[in-house]
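Remarks on the structure that follows.
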Amino acid sequence: MKKSMLDVAYDILVASDTSLAFGDILKQVAESLGMSEEVARSKMSQFYTNLSVDGRFVCCTDNHWEVRERVPFNQVHIDMNDAYNEKDDGEDDDTEDDVEKELGEEDEEEEEEEAIDDVKDDDIDAEIEEVTDSGEAE
């Protein structure tokens with residue numbers, strides 16, 4: 001029975017004594033499964049996604065991967081209370097529009113767009129008059 005890329009990656013990381021860069025894992029998996037470089041590249045994004053979702057693997061730093069059982073819980077656990085803290089630690093919630101209003105820059109883009117629309121409307125009105133006048137002349 002042929003192993004999946006993830007199972008081969010797991011075996012490679014278990015046999016390794018340190019974490020490995022994603023590119024190295026992909027290369028070793030491709031060699032182990034007899035894949036050409038072209039086939040490995042075509043499967044790279046799906047393999048990365050699968051590696052990210054599979055609970056056996058942990059992305060450490062600089063895109064280096066390790067098997068979860070060798071990484072202490074406190075190094076990979078994210079406390080969601082810290083991640084979604086209601087208080088923004090002093091950061092402003094001002095939107096770009098709020099900042100533009102404070103600086104008096106909010107209407108510059110809108111004015112330019114309105115001027116372009118006005119020119120287009122004037123051109124259309126002139127064309128309508130021209131067509132109407134030529135129709136009356138006949």
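What follows draws every value from the coordinates through simple rules; no lab data is involved. Small disclaimer: the values here were computed from a predicted structure and weren't measured. No Cβ is skipped: glycine too gets one built from the backbone with ideal geometry, and neighbour counts run over all protein chains shown.
Among Ile124, Ile25, a tally of other beta-carbon atoms within 10 Å of each Cβ gives an order, fewest to most, of Ile124, Ile25. Available extension along the chain between Asn50 and Ser16 is 10.2 nm, counting 0.36 nm per residue and deducting the alpha carbon span. Taking one quarter of the surface of the C-alpha convex hull of segment 5-79 gives a mean projected area of 4.9 nm². For Val53, Val58, Val39, the sequence from fewest to most other C-beta atoms within 10 Å is Val53, Val39, Val58.
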